[in-house]
Amino acid sequence: MKPRSNQTYVGIHNDLHGGMTPIGGLIKDAWAFGLIPESETCEGWSTAQIQMLHDKVGAEWDKYGLLVSRLPDDIRARHERIHAAAVEKAKSMGWIPGYDCDPEME
């Protein structure tokens, strides 16, 4: 096993169910806030790069009280579009919401 500091992220499109993971959610939020272009998959990013993105996304969410309803219209629309497309794609790949946390769900 490689030391954690040498590990890199697989990229949102190579992640579980097309990115239905905490890091995938972070990337989708970064797209919505315009912190990175939607073409950026973060493939090959180091843990430190992901952490820096996490901090930037967190700072953006703090401006809006962590609520989608408080986002400006343009950001909210982009957030809804990005996340809705991700859910649709994940479901087509066999993702079941919550199943990753509770495999006894049916």
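The values are calculated or read from the model by the stated rules, or taken from the named source; none is laboratory data. Because the structure is a prediction, the values reported are computed rather than measured. Note that we place each Cβ from the backbone using ideal geometry, even for glycine, and neighbour counts take in every protein chain shown.
Side notes on the structure shown:
- Residues (small (Gly, Ala, Ser) and either assigned to a loop (DSSP other than H, G, I, E, B) or crowded, with 21+ Cβ neighbours inside 10 Å (or both)) located in segment 5-29: GLY11, GLY19, GLY24
- Segment 53-93 - residue that is hydrophobic (A, V, I, L, M, F, W, C) and over 14 Å from the mean Cα position of the chain (by Cα) and, of those, modelled with the lowest pLDDT: MET93
- Segment 36-51 - residue that is touching a strand residue (DSSP E or B) at 6+ places or on another chain (Cβ under 7 Å) and not in a strand (DSSP E or B) and, of those, surrounded by the fewest Cβ atoms within 10 Å (Cβ to Cβ): GLY44
- Identity of the residue in segment 77-99, touching a helix residue (DSSP H, G or I) at 6+ places or on another chain (Cβ under 6 Å) and among the basic types (Lys, Arg), that ends up surrounded by the fewest Cβ atoms within 10 Å (Cβ to Cβ): LYS89
- Apart from one condition, MET105 fits all of (1) in contact with a helix residue (DSSP H, G or I) (Cβ under 9 Å, 6 or more places away or on another chain); (2) at pLDDT below 95; the exception is (1).
- Extreme residue, surrounded by the fewest Cβ atoms within 10 Å (Cβ to Cβ), among residues of segment 52-71 that are closer than 10 Å to LEU26 by Cβ and not aliphatic (A, V, I, L, M): GLY58
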